[in-house]
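The values are calculated or read from the model by the stated rules, or taken from the named source; none is laboratory data. Just so it is clear, the model here is predicted, and its values are computed rather than measured. Because the Cβ atoms are built from the backbone with ideal geometry, glycine has one as well, and the counts that use them run over all protein chains shown.
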Amino acid sequence: MSQPEAASDSRFLATLQALILFVGGLVGASFAVGAWDGVAVSLGIAEGTTAFELLRTVIQFAGFAAPALLFVAAAGDRSLLPFDSPSRRDVVLVVGGFVGLYAIQYGVLTALGAVGVEPVQNRAIDPETHAPVYFLWMMVVSVLVVGPAEELLFRGAIQGLLKRAWGAWPAILAAGALFGSLHYSVGSGPVSGALAYVFIAFLLGTVLGILYERSENLVVPALAHGLFNAAAFGIQYLSVVG
């Protein structure tokens with residue numbers, strides 16, 4: 001086999017693996033949620049309660065990250081998931097990334113509002129369906145579970161595999177696009193609102209991808225992502241309790 005053919009096969013395999021992991025994350029999360037819904041009934045945890053929703057989220061994201069962990073374990077490729085204690089530079093990147101994420105979100109929301117497009121609201125922060133204490137607990141879950149789980153799959157496994165095949169920027173943009181597509185059905189509303197949410201998530205995912213590329217440490221995008229989500233829940237809590 002010639003070198004160009006070998007490179008092409010390697011790219012195809014890495015891209016296929018990344019797509020399989022994306023689908024695997026969706027399937028894993030769906031399976032985990034279904035299993036929890038059944039177990040919760042036997043444990044006497046009523047659907048819709050704060051305990052039910054919090055545990056459901058933790059289990060859902062555990063299922064979401066599981067395929068990436070299993071892939072890395074099976075392949076023996078620990079380099080895809082580089083978790084290290086953050087350095088001072090990493091801390092600066094986390095803070096800068098957190099501020100950048102909010103600046104981008106604010107700018108895009110302002111621009112969309114000017115043309116009459118309103119993104120759908122994420123069900124996770126809907127004050128009509130959650131008690132105030134839920135938002136406080138979700139701040140913790142965001143930092144410890146949601147941020148790390150999503151970054152493990154999208155930046156670690158998917159972006160890592162695609163970078164090997166196509167280079168840094170194609171990998172960052174492709175992982176960001178997959179991350180954005182994940183958010184299409186997070187809320188109910190018009191298609192324009194759902195697509196607007198996807199676009200925002202794509203931009204935020206791209207920023208997280210850049211943070212990972214600059215730091216080569218998954219702790220950096222995981223913390224920036226988790227803190228970003230936690231701040232959203234904190235703001236929602238304050239708006240609910242007045």
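Checked against (1) of a type outside the set (K, R); (2) surrounded by 13 or more Cβ atoms within 10 Å (Cβ to Cβ); (3) more than 19 Å from the chain's Cα centre (by Cα), F31 meets all criteria but (3).
Selection of region 205-242 for residues being without any contact (Cβ under 8 Å) to a residue 40 or more places away in the chain and closer than 11 Å to F98 by Cα yields an empty set.
Take I20 and tell me if it is in a helix (DSSP H, G or I), under 21 Å from the mean Cα position of the chain (by Cα) and either farther than 24 Å from G226 by Cβ or acidic (D, E) (or both).
Yes.
Listed by position, the helices (runs of 4 or more DSSP H) contained in region 79-184 that have at least 3 residues being among the charged types (D, E, K, R) and either surrounded by 14 or more Cβ atoms within 10 Å (Cβ to Cβ) or more than 18 Å from the chain's Cα centre (by Cα) (or both) are 88-114. Cβ-Cβ contacts under 6 Å between residues 6 or more apart (or on different chains), taken from a first residue in region 1-27 that is surrounded by 15 or more Cβ atoms within 10 Å (Cβ to Cβ) to a second residue that is outside any helix (DSSP H, G or I) and modelled with pLDDT of 90 or more, are absent. Scanning region 65-104 for residues that are free of Cβ contacts under 8 Å to residues at least 24 places away in the same chain and within 15 Å of G24 (Cβ to Cβ) returns L70, A73, A74, A75.
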